[in-house]
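Below: one structure, written as structure tokens.
The values are calculated or read from the model by the stated rules, or taken from the named source; none is laboratory data. It should be emphasised that the depicted structure is a prediction, and the values quoted were computed from it without experimental measurement. Please note: Cβ atoms are built from the backbone with ideal geometry, for glycine as well, and neighbour counts cover all protein chains shown.
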Amino acid sequence: MAQQILKLRTLEDVIRVRQACVRLAVELGLDGSDRRRVATAAGEIARNVLQHSGDLGEVALEEIDDGTRRGIQIVVRDQGRGIADVVANSSAVASASVISLGAGLAGAKWLMDTFEIDTAIGRGTTVRMVKWQSSNVSP
């Protein structure tokens, strides 16, 4: 599958991102739990772009293969103001009573196998996440 780019402009776009993640996860043979993890993580970061970046963003989805396993890679980018303190914002405990940038980052990081963030004040933020197919699941 070629890379799929989805623009983030409205909350409906966040729903489209979640749906596209589930479709790709199904194609890759990820189990139901991993499908939900991928959709939730992508939705959290996409929602954060709309809520916190002050700028429009995009999500790139693609299948990846490291030679021994397949997975889904999700890259979320914005040109917003950046995150001043990534450590503080990503270590917050995700809970229903906490609605903040940190809850989204921490939750997404916990759900995915790989989570990388590149951000700088005035430059925006890029989040790269990967969920690998479990070795006991066949496509």
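Structure above, values below:
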| quantity | calculated |
| --- | --- |
| In the stretch 1-39, the residues that are touching a residue at least 40 places away in the same chain (Cβ under 8 Å) and either buried (at least 17 other Cβ atoms within 10 Å of the Cβ) or aromatic (Phe, Trp, Tyr) (or both) | LEU6, LEU8, VAL17, ALA20, CYS21, LEU24, ALA25, LEU28, LEU30, ASP34, ARG37, VAL38 |
| Near pairs, Cβ below 6 angstrom, 6+ apart or cross-chain, from the stretch 104-131 (touching a residue at least 12 places away in the same chain (Cβ under 8 Å)) to any residue that is of a type in the set (Lys, Arg) | LEU111/ARG37; MET112/LYS131; ASP113/LYS131; PHE115/LYS109; GLU116/ARG128; THR126/ARG77 |
| Wholly enclosed helices (runs of 4 or more DSSP H) of the stretch 25-139 bearing at least 2 residues within 12 Å of the chain's Cα centre (by Cα) and either at pLDDT 95 or above or among the aliphatic types (A, V, I, L, M) (or both) | 32-52, 101-111 |
